[in-house]
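Working notes, beginning with the structure itself.
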Amino acid sequence: MNVQSPNDLRAFWMPFTANRQFKQNPRMFVAAKDMHYTTADGREVLDGTAGLWCCNAGHARPRIVEAVQAQVAELDYAPAFQMGHPKAFELANRLVDMAPEGMDHVFYTNSGSESVETALKIALAYHRARGEGQRTRLIGRERGYHGVNFGGISVGGIVNNRKFFGSLLAGVDHLPHTHLPEKNSYSRGEPEHGAELADDLERLVALHGPETIAAVIVEPMAGSTGVILPPKGYLEKLRAITRKHGILLIFDEVITGFGRLGAPFGADYFGVTPDMMTTAKGITNGVVPMGAVFCSGAIHDAFMQGPENAIELFHGYTYSGNPLAAAAGLATLETYREEGLFDRAAELAPYFEDMLHGLKGLPHVMDIRNLGLVGAVELEPVAGAPTKRAFEAFLAAYEEGVLIRTTGDIIALSPPLIIEKGQIDRIGEVLSKVLRALP
Ligand SMILES: Cc1ncc(COP(=O)(O)O)c(C=O)c1O
């Protein structure tokens, strides 16, 4: 038997982390409250990323803490299959009430990745239920992130998330990404150029035949690959083309859901309603793992046939609608509502935008992008060492007491929606200091 002390860091293989670097120089959080984390060495770190884009209401919010504490004492777990508990239904009703018109049902999962797998499976089974089982092809997008499971990495477009893992799902194609720095750099909000990139879907439809395509999945705003925004008119075009050919449109709203853009969902912000939305993260403020797939009445109803005692969809998770997650979800939605946090995000967005664009001209900065309370500062990579510069900025900002996130050489910011203007200023000051000091 291997006997290891509790503080031995070897056993835990950390996700999406430079494990060897981390374990030489660990960065440990031991507490969190509102806008701040506390580190193991007792420092306060301002949360510029809402954890991992999930703690939209900030940390340790009383309503959510109390709801989870009470729930675990009252009903800790109920079987998810063939049994129910009231809060899962109550939360589903609340979610549907706040969703765009027509998103009438939710299917619970435990993460964004599982929400994506669920939506892709529902899309395939939906067409089959309607007698169009030949619609098996799935279309994603370059630089898309849809989690890490096989469906998600297949429709996703991040090379390192794909290339190590075999041949992935068959029958997947990709739209081009919408990052056009030569035309759109330093855009404030949605960029002007590139709506025509959606027309590529017509090319894929012509190539494969419309009757073979089940669904198109995109993030309304791509977060994880460094904040790539939809050009004005792009999502409307995708909606029109998918509708014309009977193809389902899935918005992956794992990041854009729950107020990040200053509206309940990206679909609301952009005024484009898909057939399904995948969500997670902000649904419980990140406190208990949970995801939900929203789908239209038409999709749901297509399954509700056959004998009444028959299972309609052969899919589900042990923890779908888990009582703790449901309690956290209800308290989270109530916190968002009570504190008007989605409106607050919309009100703060111009201030946040000004802070970000004020970084233009600093050393290494090649582009700045923003939407709602999301921001990106793209840095010139060190020649021959991609990601190095941004990672150094991340470490330096952490030392200065601000948590940022980086993907590639892009710094991404997504603070909790409770952030104060003075804290936005502080993020700007720290970034400015860090960028000036970088080699
Ligand atoms: C758009 C999108 N989809 C899916 C996921 C995966 O979510 P999870 O890490 O909860 O599986 C993420 C995570 O960042 C995401 O941004």
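The values are calculated or read from the model by the stated rules, or taken from the named source; none is laboratory data. Keep in mind that this is a model prediction, so the values were computed, not measured. Every residue, glycine as well, gets a Cβ built from its backbone with ideal geometry; the counts of neighbours run over all protein chains shown.
Give just the number: which of (1) touching a residue at least 40 places away in the same chain (Cβ under 8 Å); (2) at positive phi; (3) more than 15 Å from the ligand (Cβ to nearest atom) does residue 237 not satisfy?
Unmet condition: (2).
Report, by residue number, each residue of region 224-256 that is out of contact with any helix residue (DSSP H, G or I) (no Cβ under 6 Å at 6 or more places or on another chain), small (Gly, Ala, Ser) and assigned to a loop (DSSP other than H, G, I, E, B).
Within region 224-256, 224, 226, 246 meet the criteria.
Only one residue in 376, 396 is aliphatic (A, V, I, L, M) and part of a helix (DSSP H, G or I), so which one is that?
Values: 376 fails: part of a helix (DSSP H, G or I).
The conditions single out 396.
Looking at 354, 367, can you tell me which residue is in the same structural domain as residue 426 (by TED's automatic domain parsing) and in contact with a Ser or Thr (Cβ under 6 Å, 6 or more places away or on another chain)?
367
Given the conditions (1) surrounded by 24 or more Cβ atoms within 10 Å (Cβ to Cβ); (2) under 18 Å from the mean Cα position of the chain (by Cα), report the number of the one that residue 264 does not fulfil.
Every listed condition holds for residue 264 apart from (1).
With respect to residue 72, is the statement that it is crowded, with 18+ Cβ neighbours inside 10 Å and aliphatic (A, V, I, L, M) true?
So residue 72 does not fit the description; no.
Go through region 206-234 residue by residue and tally those that are within 15 Å of the ligand (Cβ to nearest atom), at pLDDT 95 or above and over 19 Å from residue 123 (Cβ atoms).
Looking only at that region, the number is 6.
Okay, residues lined up against (1) under 21 Å from the mean Cα position of the chain (by Cα); (2) in a helix (DSSP H, G or I):
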residue: 299; (1), (2): no, yes
residue: 336; (1), (2): yes, yes
residue: 346; (1), (2): yes, yes
residue: 354; (1), (2): no, yes
residue: 362; (1), (2): no, no
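Under 7 Å between Cβ atoms, which residue pairs at least 6 apart in sequence (or on different chains) link something in region 349-377 that is touching a residue at least 24 places away in the same chain (Cβ under 8 Å) and under 14 Å from residue 423 (Cα atoms) with a partner that is among the basic types (Lys, Arg) and not in a strand (DSSP E or B)?
Final answer for the pair search is 351/421; 353/188; 373/260.
Among the residues of region 255-278, count how many are within 13 Å of the ligand (Cβ to nearest atom) and more than 17 Å from residue 235 (Cβ to Cβ).
Residues flagged as within 13 Å of the ligand (Cβ to nearest atom) and more than 17 Å from residue 235 (Cβ to Cβ) within region 255-278 amount to 1.
Does residue 71 satisfy being away from the ligand (no atom under 16 Å from the Cβ) and touching a helix residue (DSSP H, G or I) at 6+ places or on another chain (Cβ under 6 Å)?
yes
Residues to consider are 287, 293; find the one that is assigned to a loop (DSSP other than H, G, I, E, B), surrounded by 24 or more Cβ atoms within 10 Å (Cβ to Cβ), within 16 Å of the ligand (Cβ to nearest atom) and aliphatic (A, V, I, L, M). Full working, then the answer.
Numbers: 293 fails: assigned to a loop (DSSP other than H, G, I, E, B).
That would be 287, the only listed residue that is assigned to a loop (DSSP other than H, G, I, E, B), surrounded by 24 or more Cβ atoms within 10 Å (Cβ to Cβ), within 16 Å of the ligand (Cβ to nearest atom) and aliphatic (A, V, I, L, M).
Of the residues in region 108-117, how many are surrounded by fewer than 24 Cβ atoms within 10 Å (Cβ to Cβ) and more than 7 Å from the ligand (Cβ to nearest atom)?
2
Starting from residues that are within 12 Å of the ligand (Cβ to nearest atom) and touching a His at 6+ places or on another chain (Cβ under 7 Å), keep the ones in region 118-142 and report whichever is nearest to residue 215 (Cα to Cα).
Ranking the candidates gives 140 first.
Please work out if residue 145 is among the aromatic types (Phe, Trp, Tyr) and within 15 Å of the ligand (Cβ to nearest atom).
It is true that residue 145 is among the aromatic types (Phe, Trp, Tyr) and within 15 Å of the ligand (Cβ to nearest atom).
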